[in-house]
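Student: Here it is: the structure, laid out below.
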């Protein structure tokens, strides 16, 4: 996968896609798989904003049972199944335990009824999933002692036990997006990161392409396309405002969804824990009380969240304050006093913007966004050739992209070929048996590759892990780990040669395990920059700039998403 801006300029595409988060990446893969010519551009790096900063869960839809929303239950369960099929190395079923109290609405009996309804509605949750590690069990309940063994320190007054439900967990959200991008490129799509859309090309009442600026210095240009899909997430509205004077739809409300990372396990790495916080869901027809906050294990760390705030400010100013963090810690510590978390326990703050429900100014109990936005501007603004999709959550990325590409196909006037993305593995995901993959990676290549580095290879690269181990044939030193990490030098080289990494942050945050949860050692950062310099021709001044830029990014990571 090579960054070639000349290829963006030289022909007309069937579809141009702006934005390479999960929605744009899935749309590019879907459109290319259906035989359309595709261009995909992203103003930063692939999955560099909301998709990277999500809570890392593929929701199965249990919460929607409270809303009586059968459609969302079915869609969420179906998309969890699809991700487990398409990328089993990057998505796993995660059991989450929920404590129960008394015998009323917060008791085990009510929760068991709700989970029973959910299990019936998701009866086909494992269809097509033959490999046991990726199958999702039915929900079940726990006794009091079992609950305390899994979550010691819970408030025991009135505790009757608990219940277990499952979501899917993304082991590396940026690499999951990258797998879709690489699949699109392998199917013929022209893709480029660090390319910012600045407006639309027009011919009368039709959008005929996208004007762009290369943020790395290769000037400006235009991607000509018969249909343009605006999948720029929270930037989608800004692009419409700048490039479509006719657009009359007001910018919808957005939620700043935020979570934080504790750089140690609070429980074990096999299950998450849900506790009730301080706010309620005003749209639930049947409510057990306050909304749940989640603790999810993640590579030896714990991700805690999610908190929501209506965000009407510029998306480029997205941030989280110390006061907000402290209020969240107060809420967590009130629900689970034994943890005693402080600001010093937090290593990362992740946040992104997603569509929200309509809420009164100053409301505490907030309404979530229900569904993604899909606009055909021929109907909305009398401007043809333009489609906008603004996704409501990572879980729905593949399905909503399918709907956007269906619409694009209709606009192209060539019929709607079947979408196969729900059943076709992405790059690295052709893994019939996860245990076989793990055993192969453990035994392949030089014996001195550390076991933890081999496990990371299997997790991040799936059946393409051999591409990394093959670098040992070029230089055995490339199969050594960077100091005090589980990342091989070969992964850095591979990120530049085949995964379009252009900056140090691209590699540290979104191609490897070096930085998503905590700061990597300075020596590893410097060596990573030097490896990139040899591949990209950077001089010493550029290496210094990249390292300093990285440090500036890290200073902000405690208060905002990357």
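Student: Take the eigenvalues of the Cα gyration tensor for the stretch 38-121, scale each by 5, and report the square roots as semi-axes in whole Å, largest first.
Tutor: 32, 15, 13
Student: Multiplying the sequence separation of residue 447 and residue 343 by 0.36 nm and subtracting their Cα-Cα distance, what value in nm do you get?
Tutor: Result for the pair: 33.3 nm of gain on full extension.
Student: Find the relative contact order for the stretch 434-557 and round it to a whole percent, using C-alpha pairs within less than 8 Å whose residues are 6+ positions apart.
Tutor: Over the stretch 434-557, the number comes to 18 percent.
Student: Then there is this: With both bridge residues required to lie in the chain, what share of the DSSP beta bridges run antiparallel, to the nearest 5%?
Tutor: In the chain, approximately 75 percent of DSSP beta bridges are antiparallel ones.
Student: Using helices alone, what [θ] at 222 nm do you get for the chain, with -39,500 (n - 2.57) per DSSP H run of 4 or more residues, divided over all residues and rounded to the nearest 500?
Tutor: Rounded to the nearest 500, it is -10000 deg cm²/dmol.
Student: Something else now. With an 8 Å Cα cut-off and a minimum separation of 6 or more residues, compute the relative contact order for the chain in percent.
Tutor: Dividing the mean separation by the residue count of the chain yields 19 percent.
Student: May I pose another question? At R0 = 60 Å, how high is the FRET efficiency between residue 135 and residue 7 if r is their beta carbon distance? Nearest 0.05 is fine.
Tutor: Efficiency at R0 = 60 Å is approximately 0.90.
Student: Here's another thing I want to ask about it. Enumerate the whole-percent occupancy of each 20 Å bin, from 0 to the last occupied one, for all C-alpha pair distances of the chain.
Tutor: Pairs per bin, as whole percents: 21, 56, 22, 1.
Student: Something else: If packing is taken as the mean number of other Cβ atoms within 10 Å per residue, what is the order of 414-423, 8-17, highest first?
Tutor: The packing order, highest mean first, is 8-17, 414-423.
Student: Taking the square root of 5 times each eigenvalue of the Cα gyration tensor, what semi-axes in Å does the equivalent ellipsoid of the stretch 230-274 have, largest first?
Tutor: Ellipsoid half-lengths, sorted descending, are 40, 10, 9 Å.
Student: Once you have the Cα-Cα distance between residue 203 and residue 497, take 0.36 nm times their residue separation minus that, and quote the gain in nm to one decimal.
Tutor: Value of the extension gain: 102.0 nm.
Student: Average projected area of the Cα convex hull of the stretch 1-153, in nm²?
Tutor: Average projection, Cα convex hull of the stretch 1-153: 12.7 nm².
Student: A further question follows. Multiply the residue gap between residue 156 and residue 470 by 0.36 nm, knock off their C-alpha separation, and tell me the result in nm, one decimal place.
Tutor: Roughly 107.7 nm would be gained on extension.
Student: Tell me the Kirkwood radius of the stretch 434-557: reciprocal of the mean inverse pair distance over distinct alpha-carbon atoms, in Å.
Tutor: Value: 14.7 Å, from the Cα pair sum.
Student: Still on this model: So for each of 424-434, 133-143 I average, over its residues, the number of other beta carbons within 10 Å; can you give me the resulting order with the highest mean first?
Tutor: Sorting 424-434, 133-143 by mean packing, highest first, produces 424-434, 133-143.
Student: For the stretch 156-217, I need the span (max minus min coordinate) of the C-alpha atoms along each principal axis, in Å, sorted largest to smallest.
Tutor: That gives 67, 30, 25 Å along the principal axes, largest extent first.
Student: Here's another thing I want to ask about it. Highest first, please rank the peptides 333-346, 153-166 by the mean number of other Cβ atoms sitting within 10 Å of their residues.
Tutor: The peptides rank, most packed first, as 153-166, 333-346.
Student: Also: Would you calculate the separation in nanometres between label points at residue 246 and residue 120, each defined as 7 Å from the Cα along the Cα-to-beta-carbon direction?
Tutor: Inter-label distance under the simple model: 4.9 nm.
Student: Over all distinct alpha-carbon pairs, what is the Kirkwood Rh of the stretch 1-55 in angstrom?
Tutor: 12.0 Å
Student: Another question about this same structure. Would you kindly give the portion of the calculated P(r) for the stretch 331-483 that falls above 18 Å, as a percent of all Cα pairs?
Tutor: That tail contains 76 percent of the Cα-Cα pairs.
FYI, it's all coordinate maths here, none of it is from the lab. Everything numeric in this text was worked out from a predicted model, so none of it was measured. Note that we place each Cβ from the backbone using ideal geometry, even for glycine, and neighbour counts take in every protein chain shown.
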